[in-house]
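Working notes for the structure below.
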Amino acid sequence: MGLIIDGKAVSASVKERIKEETARLKEQGIEVGLAVVIVGEDPASKVYVRNKKKACEEVGFTSYEYALPESTTEEELLELVNRLNADDKVNGILVQLPLPKHLDDKVIINNILPEKDVDAFHPVNVGKIMIGDYSFLPCTPAGVMELIAATGVEIQGKECVVIGRSNIVGKPMAMLLLHKSGTVTICHSKTKDLKEVASRADILVAAVGKPKIITADYIKEGAVVIDVGMDRDENGKLCGDVDFENCKDKAGYITPVPGGVGPMTIAMLMQNTLTAAKVKNGIRSEEPTAPRKERAMSDWNKLFLHT
Ligand code: NAP
């Protein structure tokens, strides 16, 4: 029986760390602020924005919310972005995607100052991730790195397989694993024998968007299996790319959906916003995803669900 990595517990421990640091910054007169911009009425986006605001309150950041109508023009949105770029109280700017069809995501993202781009989607930040000289890590892959770190499994020298090559998950995920000296293979829809490649992985990250396509015969005995997928099964129930019930006995560590990667994404957004505030104030940032070797056994146990 593999250990089930409790994303909520890992996320809570990350947010606790951020909260402590934020309180220390406050003592030095430094406030951390995140601006979240939402355009239109997309219900899923509204939930995400609400959760981000709640997370800001939890860790002690000031959140600035801008809810703009669906009819907002590119010019109006850019005007707001420029105003937030110039606002000293705002350390991070997040424009909730997807934007309504008449607005071009790329144009908007490219106008956010890279040092305030806490989603790490700006080409400057994407390039920095490539060369390993980054302040911000893209939130979902960074969350995955935290979950792997929580297992205590070293990435160096391990066979790592990432399934999916999107710009926001698969590609940066592979880069982060490579920077940790994993031997990384990226799979996609044209990969010839996915089962054969995936089953070589000591660390398998699935970011496909297809419900339960990864079954036990795709995984190596004892592997770390991280499921990024947020899919719906045949009954409309939230599930991942990994067939959890089928794989949990073969994996060494496995994330559930929900309750795995999902809670980590917002925690890492908070981490990036804190980093932005520290960089702006000339305070050195420690690497957020170092393996937690020093964690006491009792604390370590809290990061896993026991069935
Ligand atoms: P995406 O842009 O649609 O990319 C999916 C990737 O999977 C593509 O590279 C695609 O290959 C590959 N793929 C599709 N079918 C495949 C197959 N049968 N075998 C192998 N590879 C296959 O999706 P995304 O934005 O990366 O998101 C992936 C999943 O993660 C989705 O379920 C999404 O909801 C979830 N997600 C979760 C979070 C979170 O916070 N938990 C955040 C972001 C995304 P091609 O490139 O060849 O088409």
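Computed from the coordinates by the stated procedures, all read-outs in this text should not be read as laboratory data. Note that the structure is a prediction, hence the values are computed from the model and not measured. Backbone-built Cβ (ideal geometry, glycine too); neighbour counts: all protein chains shown.
With a ≥ b ≥ c the root eigenvalues of the C-alpha gyration tensor of segment 166-212, is it rounded (a/c under 1.5), prolate (a/b larger than b/c) or oblate? Because a/c hits 1.5 or more and a/b fails to exceed b/c, segment 166-212 counts as oblate. Computed about its Cα centre, the charge dipole of the chain is approximately 540 debye, with only Lys, Arg, Asp and Glu carrying charge at their Cβ.
With distances taken between every two different alpha-carbon atoms, segment 133-287 has a Kirkwood hydrodynamic radius of 15.8 Å. The residue among HIS102, MET268, ASN51 whose Cα reaches farthest toward the positive pole of the charge dipole of the chain, with charges on the beta-carbon of Lys, Arg, Asp and Glu, is MET268.
Helix 74-86 versus the longest principal axis of the chain: what angle, 0 to 90°, nearest 10, using Cα atoms? In the chain, helix 74-86 runs at an angle near 90 degrees to the longest axis. Only one residue of LEU3, THR72, ILE30 has its Cα farthest out toward the positive end of the dipole of the chain, where Lys and Arg carry +1 and Asp and Glu -1 on Cβ, and that residue is LEU3.
For segment 157-211, the list of trypsin sites (Lys or Arg not before Pro) that fall in a loop by DSSP and count at most 16 other C-beta atoms within 10 angstrom reads LYS190, LYS192, ARG200.
Of the trypsin sites (Lys or Arg not before Pro) found in segment 223-267, those that fall in a DSSP loop while having at most 15 other beta-carbon atoms within 10 Å are LYS237.
Taking a ≥ b ≥ c as the square roots of the Cα gyration tensor eigenvalues, segment 1-93 comes out oblate, since a/c reaches at least 1.5 and a/b does not exceed b/c. Between segment 229-289 and segment 46-90, how many Å separate their Cα centres? Using only Cα atoms to place each centre, the spacing works out to 22 Å. Shape analysis of the chain places it in the prolate category; the axes a ≥ b ≥ c from the Cα gyration tensor give an a/c of at least 1.5, with a/b above b/c. Report, to the nearest 10°, how far helix 139-151 tilts away from the longest principal axis of the Cα atoms in the chain, using its own Cα long axis and a range of 0 to 90°. Orientation of helix 139-151: about 40 degrees from the principal axis. In segment 127-247, a dipole from Cβ-located charges (positive for Lys and Arg, negative for Asp and Glu) runs towards its positive end, and of ILE226, PHE244, VAL197 it is VAL197 whose Cα lies farthest in that direction. The angle between the Cα long axis of helix 7-27 and the main principal axis of the chain comes to about 30°, on a 0 to 90 degree scale.
Highest mobility in the GNM of the chain, judged by mean-square fluctuation with C-alpha springs under 10 Å and restricted to GLY259, GLY236, GLY60, is found for GLY236.
Each 10 Å bin, from zero up to the one with the longest distance, holds this percent of the alpha carbon pairs of segment 1-157: 9, 33, 36, 17, 4, 0. Along the chain, the exposed loop sites are GluC sites (Glu not before Pro) outside DSSP states H, G, I, E and B with at most 16 other Cβ atoms within 10 Å, and the longest stretch free of them is 71-153.
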